[in-house]
Amino acid sequence: MARVDSYRLQPSDPIVINGHEDEQINLSLEAAPAAEVGVVQGIVQLSNGTPLSGATVQLFDASGNPFDHTNSNPQGRFTFPDIPVGSYFITASEPGYTTPTRIPLSVAQGRPTTVTIIMQADPTATLGAIFGIVRNSASSQVIVSATVQLFQVTGGTETLFGSVQTNSAGQYLFSDLPSGTYLIRASIAGYLSSESAEVTIAGRQFAPLDLVLSVDPDANTGTVSGIITDRSTGTTLANATVALYEISNGIENVVDITRTNAGGLYLFGDVPPGTYRVKATVQTEV
């Protein structure tokens, strides 16, 4: 609440106390000029005229900075006394209701400014939320820009409900969730994806759910793939034997062997950094 001086602050002369003494100090105060203040008053109510008790009423100055706040009484009424003359904005909030657009108002000296604030029911008031932090399992450091997916689970079937990315603090948030069962999956390049246990939201419930991701030991590996064909006809060769050789100091060593599929395709995964050569053949029994 704003305060103003009725009298100007008046200092006394210095006082020295030596031992057991009694000093009398009288001051003559000079009346302060009449303060240019007014009153802001009003009522918080629903659209049908029902007063809303206990709502927080916030007064902002002309620049939008919070100036003062109070609560509506059982009759929905509120008062801000001794508000300096000028321009202001006002609004109100209460759980279960949406915050109205700020109402502009002007305060005049010695006169009340009356305002009615209409509150509307919040259609999301019965919806819940799931929030949490994604961390590195080894260091507990937060993971930034991880993809977090929310799935709604119904009768054992998972349906993607939403997808977000973690912020600079590793945090994510899914809001406005209807009652139901959900699970979270998180992933990012260089880590193994992780999945939470199922969590059930009932009404306006806010459920914390943190996830940890483990570094993928194969994150710094590559792949080698291709198609094996008959040179003369160009026909793809199924079931061809394909060997992957690592070359080190001019020496070739087989590190993996696979076979082509029906389309002649082969694939070597999780190949560490290095120099390699691929060799292929088709062998038949005679």
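The values are calculated or read from the model by the stated rules, or taken from the named source; none is laboratory data. Note that the structure is a prediction, hence the values are computed from the model and not measured. All Cβ positions, even for glycine, are placed from backbone atoms using ideal geometry, and neighbour counts span all protein chains on display.
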What are the residues in the range 150-171 that are more than 20 Å from Ala202 (Cα to Cα) and either of a type outside the set (Gly, Ala, Ser) or in a loop (DSSP other than H, G, I, E, B) (or both), if any? Val164, Gln165, Thr166, Asn167, Ser168, Ala169, Gly170, Gln171
Please determine, by comparing only the residues of the range 117-149 that are outside any strand (DSSP E or B) and in contact with a Pro (Cβ under 9 Å, 6 or more places away or on another chain), which one is nearest to Asp176 (Cα to Cα). Leu127
Condition met for Phe67 (closer than 17 Å to Gln109 by Cα, at pLDDT 95 or above and not in a loop (DSSP other than H, G, I, E, B)): no
Scan the range 45-53 and give yes if some residue there is closer than 27 Å to Ala121 by Cβ, under 29 Å from the mean Cα position of the chain (by Cα) and either surrounded by fewer than 18 Cβ atoms within 10 Å (Cβ to Cβ) or not assigned by TED's automatic domain parsing to the domain that holds Thr114 (or both), otherwise no. no
Before we move on, is Thr114 outside any strand (DSSP E or B) and over 30 Å from Pro217 (Cβ atoms)? no
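Quick check on my filter: what residues within the range 75-111 are outside any strand (DSSP E or B), without any contact (Cβ under 8 Å) to a residue 40 or more places away in the chain and under 26 Å from the mean Cα position of the chain (by Cα)?
Pro95, Gly96, Thr99, Pro100, Thr101 - these are the residues of the range 75-111 that are outside any strand (DSSP E or B), without any contact (Cβ under 8 Å) to a residue 40 or more places away in the chain and under 26 Å from the mean Cα position of the chain (by Cα).
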Within the range 242-264, can you find the residues that are out of contact with any Leu (no Cβ under 9 Å at 6 or more places or on another chain), loosely packed, with under 15 Cβ neighbours inside 10 Å, part of a strand (DSSP E or B) and among the aliphatic types (A, V, I, L, M)? Ile247, Ile251
Any idea which of (1) of a type outside the set (Gly, Ala, Ser); (2) closer than 16 Å to Ser196 by Cβ; (3) surrounded by fewer than 16 Cβ atoms within 10 Å (Cβ to Cβ); (4) more than 22 Å from the chain's Cα centre (by Cα) is the one Val153 doesn't satisfy? (3)
Out of all the residues in the range 16-33, is one or more assigned to a loop (DSSP other than H, G, I, E, B), surrounded by 13 or more Cβ atoms within 10 Å (Cβ to Cβ) and free of Cβ contacts under 8 Å to residues at least 24 places away in the same chain? no
Taking the range 12-58, which residues are touching a Ser or Thr at 6+ places or on another chain (Cβ under 8 Å) and within 16 Å of Thr114 (Cα to Cα)? Gly38, Val39, Val40, Gln41, Gly42, Ile43, Val44, Gln45, Pro51, Val57, Gln58
Working only within the range 207-246, note down all residues that are within 34 Å of the chain's Cα centre (by Cα) and free of Cβ contacts under 8 Å to residues at least 40 places away in the same chain. Asp216, Pro217, Ala219
Assess whether Asp230 counts as being of a type outside the set (Val, Ile, Thr), exposed (fewer than 14 other Cβ atoms within 10 Å of the Cβ) and over 30 Å from Gly132 (Cα atoms). yes
Which of the residues belonging to the range 156-193 are free of Cβ contacts under 8 Å to residues at least 24 places away in the same chain, surrounded by 13 or more Cβ atoms within 10 Å (Cβ to Cβ) and over 15 Å from the mean Cα position of the chain (by Cα)? Phe161, Ser193
So which of Ser232, Ser168, Ser139 is out of contact with any strand residue (DSSP E or B) (no Cβ under 7 Å at 6 or more places or on another chain) and assigned by TED's automatic domain parsing to the domain that holds Tyr276? Ser232
Quick one: is Arg204 basic (Lys, Arg), over 17 Å from the mean Cα position of the chain (by Cα) and not assigned by TED's automatic domain parsing to the domain that holds Gly54? yes
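Please indicate, with yes or no, whether at least one residue in the range 68-79 is on the phi > 0 side of the Ramachandran plot and surrounded by fewer than 18 Cβ atoms within 10 Å (Cβ to Cβ).
No, every residue in the range 68-79 fails to be on the phi > 0 side of the Ramachandran plot and surrounded by fewer than 18 Cβ atoms within 10 Å (Cβ to Cβ).
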